[in-house]
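The values are calculated or read from the model by the stated rules, or taken from the named source; none is laboratory data. All values derive from a computational prediction rather than experimental measurement. As a convention, Cβ positions derive from the backbone with ideal geometry for all residues, glycine included, and neighbour counts pool all protein chains shown.
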Amino acid sequence: MANELAQPQVPQALEAEIAVIGSIFMDPSIMVTVRDSVNPDDFYEVKNKIIYQTMVTLFESGKAIDVTSVMANLKTNNKLETAGGYEYIASLADYAYSSSNIETYLDLITSSSMKRRAIATLQDLIQDGYKPGEGTGYIDNIEKKVFDLSRHRKTSSFVSIREVTKRVEENTERQSKTDSEVIGLDTGFANLNRYTQGFQPGQLIILAARPAMGKSAMALNLAMNIAELNNQNVAVFSLEMSSEQLVQRMVAATGSINIKYIMNGRMTKTDWVRFASTLDKVSRMNVYFDDSSDTTVENIRAKCRKLKQESGLGLIVIDYLQLIEYDNQGSSRAISQVEKITRITRTLKVMARELEVPVIVLSQLSRKVEERDEKKPIMSDLRDSGSIEQDADIVLMLYRDEYYNKSSPRKGEADFIIGKNRSGSTGEIKMIFAGEYQRFREKKEDEEVSE
């Protein structure tokens, strides 16, 4: 009965702790590796923690690490007895552990430490759950605490150039055996593919335009193309339109049905038949929506990580940058819009690399466009912060001349401007925009557009 009521043992790796300390005594040169892998707080046994902290102090001050120097330091700081005394320290130095197994010992220590930290955090969260307060705030705190835990995971070490060149060789050989020039995600636009070679994992792609240029329509076109052509799951975060509005646009673009008739239901019998078949086709696309209007970067990151783990993830689309909320993590200092956008774009770039997917983020352009004669956007028109241009791998901008010039000879046309391309050239792609269908396509050479 007593055994049944016994508390589960706290995660610990006492033998590994002893092995690490003994290995350092045997070969102090491994202290470089050990110091970068574990902190004193990762040790469970108090005696071992104090001894290792002393070794770290000696190492960082450039002094020799041996039994004599460790005990002298402990004695000076009145910690010798707390650290187990002379006999305990001498016994650690006598352990015959091989420093060649040090990585195994370190992994055992860090694994146990992460579990203890997680258990302590979860216990605190359980207690917080019994306190008065809003459930939403409590859930947000859980997500923040769990995210903080994930940041304590062991970071990757250096990779030798031999390993990298081997991967480059394998990737190049694999690509040489395919007929396609696209090495990333097929965007569905041939000229865009030629410029970018497809959207690549880890890329931050900014799609910018002034209002009413069609950037939301273009983002949805890209999302549908990538989901369908690459058989990839696409996560769409819409902070401005509802999921229903987005699907209406997808149906209009896919079925060539006037968006106005889908919204008011005034369709002919033929349109209703096409609407039903298109709706069925769209419903099978690998697209996931989140239309929360108060979304933060942390929420986006958590939801995408979960989707990737559960179902896989190929692309993230966010509409749009300036509407993303920023959690100032309890700081009382107010931050400017420029600083807010800077922090958000950098976090989104880190997220793209962490999840190994391209991230398309829509952005408004500055009102300065309206104040000059030449309305076609340029890179300096990116609104609120130069960090948008700095963090982005690709910057795409949309321009429709007919919006500003009602007698424009280019009615129905749009310029898809590649203002920045970290892995290729920049340029312009001529597009046709069918506003009634919310659909873009590339303009054919010498094609005349009927009004």
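General remarks:
- Residues that are surrounded by 19 or more Cβ atoms within 10 Å (Cβ to Cβ) and either in a loop (DSSP other than H, G, I, E, B) or within 25 Å of the chain's Cα centre (by Cα) (or both), drawn from region 404-419: ILE418, GLY419
- When each of ARG274, ARG249 is tested for being closer than 18 Å to LEU207 by Cβ, among the charged types (D, E, K, R) and part of a helix (DSSP H, G or I), the lone residue that passes is ARG249.
- Residues of region 281-313 classified as closer than 18 Å to SER243 by Cα, hydrophobic (A, V, I, L, M, F, W, C), in contact with a helix residue (DSSP H, G or I) (Cβ under 9 Å, 6 or more places away or on another chain) and part of a helix (DSSP H, G or I), total: 3
- Residue in region 205-256 that is nearest to the chain's Cα centre (by Cα), counting only those that are more than 26 Å from ARG353 (Cβ to Cβ) and of a type in the set (D, E, K, R): GLU240
- Residues that are of a type outside the set (S, T, N, Q) and either outside the structural domain of ILE142 (by TED's automatic domain parsing) or surrounded by 17 or more Cβ atoms within 10 Å (Cβ to Cβ) (or both), drawn from region 95-125: TYR97, ILE102, TYR105, LEU106, LEU108, ILE109, MET114
- Test result for THR76, assigned by TED's automatic domain parsing to the domain that holds ILE18, closer than 28 Å to GLN9 by Cβ and loosely packed, with under 15 Cβ neighbours inside 10 Å: no
- One residue from ASP401, ASP381 being surrounded by fewer than 19 Cβ atoms within 10 Å (Cβ to Cβ), in the same structural domain as LEU321 (by TED's automatic domain parsing) and farther than 20 Å from ASN191 by Cα: ASP401
- Residue match in region 215-224 (condition: in a loop (DSSP other than H, G, I, E, B), in the same structural domain as ALA302 (by TED's automatic domain parsing), at pLDDT 90 or above and touching an Asp or Glu at 6+ places or on another chain (Cβ under 8 Å)): no
- Residues (modelled with pLDDT of 90 or more, assigned to a loop (DSSP other than H, G, I, E, B) and under 16 Å from MET26 (Cα atoms)) located in region 66-96: ASP66
- Restricting attention to region 283-298 and to residues that are surrounded by fewer than 17 Cβ atoms within 10 Å (Cβ to Cβ) and over 17 Å from LEU313 (Cα atoms), the residue that is modelled with the highest pLDDT turns out to be SER283.
- GLY265 vs. criteria assigned by TED's automatic domain parsing to the domain that holds GLU428, at positive phi and crowded, with 20+ Cβ neighbours inside 10 Å: no
- For the condition at negative phi, surrounded by fewer than 11 Cβ atoms within 10 Å (Cβ to Cβ) and modelled with pLDDT under 80, PHE158 qualifies.
- Enumeration of residues in region 84-118 that are under 43 Å from the mean Cα position of the chain (by Cα), aliphatic (A, V, I, L, M) and under 13 Å from GLU17 (Cβ atoms): ILE102, LEU106, LEU108, ILE109
- When residues of region 351-393 are limited to those that are more than 18 Å from the chain's Cα centre (by Cα) and of a type in the set (Val, Ile, Thr), the one modelled with the lowest pLDDT: VAL369
- Hits in region 28-55 - residues which are at pLDDT below 90 and not acidic (Asp, Glu): PRO28, SER29, ILE30, MET31, VAL32, THR33, VAL34, ARG35, SER37, VAL38, ASN39
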